[in-house]
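Engineer: One structure, as structure tokens, below. Some questions next.
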Amino acid sequence: MSPDPDRRHDLLRELASIEHGDLLERLCKLAIAQVPCDGAAVVLTAQGIPAGVLASAGECARVLTEAEFDLGEGPAFESTRTDRLVIVDHLNTSTTAAWPVVGALVLQAGISAIATLPLRLGAIRLGVAHVVRLQPGPLSDDAFATARLIADLITDAVLFLQAGLVNADFDDLLSASGTDRLRVHQATGMVAEILGCQMPDAFARMRARAYAEGLPLVDLATQVIEREVEFSHDD
Amino acid sequence: MSDPRTELPAALATLAEALVTDFDFIDLAHSLARSTVDALDAAAAGVMVVDRSGELQVVAASDEDTHVLEVFELQRRQGPCYDSWVTGQAINASDLSAQAAWPDFTRRALELGYASACAVPLRFRGHGLGSLNVFGGSPHEVTSSDLHAAQALANLAAVGLAQQAAPVNPRDLAEEVETAIHGRIAIEQAKGMLAVQAGITLEAAFELMSAYARTKQAFVRTIAHEVVSRQITAEQM
């Protein structure tokens, strides 16, 4: 574990230079270039099970996610069920025993290693990110740290998209996310209770409101905690 | 400070007991923070772990008051906790009012009535995991035996964090740290919900969850997830 405070900013700079595709697709391409790996995908969960592929890059990632959804098994299902990271550095019949049919299919497609990272924020579970490689072997500590940071960026990006911020400058938003402050999460819980909605919705509404008012998320959170701001169902 | 001959064994026993039972790191960290306050006769203590971006995140504090949490949180990139994590050494600031380093942190700590601060690293086999931070209510020299006591308590907690990653490798250790950070965030989300449900403060919301977790012999983190998924309400606690 070698945390580097500037690594997130470096990754955002690299992201800005990737022009084609929507935000999540660009983040998948960022993973391919920076981890590095041969494919990456973002899988969304709903009601505790994988529900759809939001984005992918690289043919091998497409093969993996298609096999998973055709067969209803695979590392995305395993990670969602266990709420843990799933790492297979050497794919073979014994390391894929938890998802044998998908394991055989992806082996046939030349995939040798898969890392599946949960996309989460506190009690919020959004889905998983796949990092797929054709060469076997463990990811180096640095590569693994990069994969984790990109999974964080994907988590932020999915939350932005859920906030309906379609015209926003995502690169700007990602560089000031606000999710590292405890009071943002306290306020999210308060808003979820006031509106009777789920935690990701509450977070999305706070984010949209902060963006509309040009306020840092943490300042809006303070106003929520101090009861200086009202949230209604019309927000 | 108080006599470590009486308080320290009790604190060590509490932490060691937690290590031989099924435990969650956040609960262990709360126990560490409260034991440290007792053993060192301190005003407050907090436990921070380093996240994947290299910033320190609060996982537990002896006092759940929002302002107290904030003064720990201010140390993500500066302060005795941060310096202790970076250097792997104990940091001793016996008089905060004479402290020029860490201006934002020092100003807020003084406003909250803290006069001294020290921090010891949480580390395991060469991996810096975070640090334990202690505040005193009056300026005084923290003795080397106080620092040793704090380090002994912190080491036990570090073993606890590493034990959950067994067999220990950096990747599993990172995963345990990650679980602790998201557990703490889930607790904050649940505090917000309970505060609105029961019309109580965030601090009282934590106490409610903590007391309920004790009666159910469950982890606070588990209760927080049940609150967020609306399996349990403030009234039912």
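Engineer: Going by amide H atoms built from the backbone, whose H comes under 5 Å of the H on B:Ala60, apart from near neighbours?
Structural biologist: B:Val47
Engineer: Tell me, what HN-Hα J-couplings in whole Hz come from the Karplus equation 6.51 cos²θ - 1.76 cosθ + 1.60 at θ = phi - 60° for each residue of segment B:211-227, using x for Gly and Pro?
Structural biologist: Once θ is set to phi - 60°, the couplings for segment B:211-227 become 5, 5, 4, 5, 5, 8, 6, 10, 6, 4, 4, 5, 4, 4, 5, 5, 5 Hz.
Engineer: Once you average over the residues of A:189-198, how many Cβ atoms of partner chains fall within 10 Å of each Cβ?
Structural biologist: Shielding by partners across A:189-198 averages 6.
Engineer: Filter the GluC sites (Glu not before Pro) in segment B:113-195 to those in DSSP coil with at most 15 other Cβ atoms within 10 Å of their Cβ, and list the result.
Structural biologist: Those satisfying the criteria are B:Glu141.
Engineer: What average count of beta carbons from other chains do you get within 10 Å of the Cβ of residues in A:139-151?
Structural biologist: 2
Engineer: Taking only Cα atoms and a 10 Å spring cutoff, compute GNM fluctuations for chain B and point out the largest among B:Ala98, B:Ala150, B:Ala42.
Structural biologist: B:Ala98
Engineer: Quick check on the protein assembly as shown: take the gyration tensor over C-alpha atoms, sort the square-rooted eigenvalues as a ≥ b ≥ c, and tell me if it's rounded (a/c under 1.5), prolate or oblate.
Structural biologist: Since a/c reaches 1.5 and a/b is larger than b/c, the shape of the protein assembly as shown is classed as prolate.
Engineer: Out of B:Gln163, B:Gln151, B:Gln217, any idea which swings most in a Gaussian network model of chain B, alpha carbons joined below 10 Å?
Structural biologist: For chain B, modelled as a Gaussian network with Cα springs under 10 Å, the answer is B:Gln217.
Engineer: Rounded to the nearest 10 Å², what accessible area does B:Lys191 have for a 1.4 Å probe in the complete protein model?
Structural biologist: 0 Å²
Engineer: Now for a different question. Could you derive backbone 3J(HN,Hα) for segment B:15-31 from the dihedral phi with the Karplus parameters 6.51, -1.76 and 1.60 (θ = phi - 60°), listing whole Hz in sequence and x where the residue is Gly or Pro?
Structural biologist: 5, 5, 4, 4, 5, 9, 10, 6, 9, 10, 4, 5, 5, 4, 5, 5, 4
Engineer: While we're here: Need one word for segment B:79-237: rounded, prolate or oblate. Basis is the Cα gyration tensor (sqrt eigenvalues a ≥ b ≥ c); a/c below 1.5 gives rounded, then a/b vs b/c decides.
Structural biologist: Note, shape of segment B:79-237 comes out oblate.
Engineer: Indicate the gyration tensor shape class of segment A:87-146 (rounded, prolate or oblate), computed on the Cα atoms with a ≥ b ≥ c the square roots of the eigenvalues: a/c under 1.5 is rounded; otherwise a/b larger than b/c is prolate and the rest oblate.
Structural biologist: The shape class here is oblate.
Engineer: Only Cα pairs within less than 10 Å get springs; with that Gaussian network setup on chain A, which residue of A:Cys28, A:Cys197, A:Cys37 has the largest fluctuation?
Structural biologist: It is A:Cys197.
The values are calculated or read from the model by the stated rules, or taken from the named source; none is laboratory data. Being a predicted model, the structure only gives us computed values, none of them experimental. Reconstructed Cβ throughout: ideal geometry from the backbone, glycine too, with neighbour counts over all protein chains shown. Heads up: the accessible areas ignore ligands, DNA and RNA and are worked out on the full protein's heavy atoms, side chains in. Shrake-Rupley method; radii C 1.70, N 1.55, O 1.52, S 1.80 Å.
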